[in-house]
Amino acid sequence: MLVNIFKSKIHRVKVTQAELNYVGSITIDEALLEAAGIMENEKVQIVNNNNGERIETYAIKGKRNTGIICLNGAAARKAQPGDIIIIISYAWMTQEEAAAHKPTVVFPDENNRVVS
């Protein structure tokens, strides 16, 4: 049996842009994606701390070390620049894999930069 387990998250980043007239997704600084182990096009859950919205979309790579967090398309209606969000990824694992799994949690600074 497979279980869907919390894989990683980028905890409390600030939305920098919301682009309604875009195909869809969330653009995330490439350095943050790498630190969290989130792949481009991977499904992610977005939790908005400001308004309680929870949505699912997919990640696209933004320019490295810019701090970009941009909700695109319909997702842009769920957050505004300045909102604080959490970006979460999950993975399917066997129960044995899940028992040994340690999630990756990234705590960016106030400019959405990876903290060493």
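None of the figures in this text is laboratory data; all of them are computed from the coordinates on show. The structure displayed is predicted, hence computed values, not measured ones. Note: ideal-geometry Cβ built from the backbone for every residue, glycine included; neighbour counts use all protein chains shown.
Values computed for the structure shown
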read-out	value
Loop sites in region 58-116: GluC sites (Glu not before Pro), DSSP, at most 10 other Cβ within 10 Å	E110
Charge context of I38, other residues only, Cβ under 15 angstrom, K/R +1, D/E -1	-1
Qualifying GluC sites (Glu not before Pro) for region 1-47 [loop in DSSP, other Cβ within 10 Å: at most 13]	E40
Over the chain: helical MRE at 222 nm, DSSP H runs n ≥ 4 each giving -39500 (n - 2.57), nearest 500	-2500 deg cm²/dmol
DSSP-defined antiparallel bridges as percent of all bridges, the chain, nearest 5	70
Contact order relative to length of the chain, as percent, for alpha carbon pairs under 8 angstrom and 6 or more apart	45
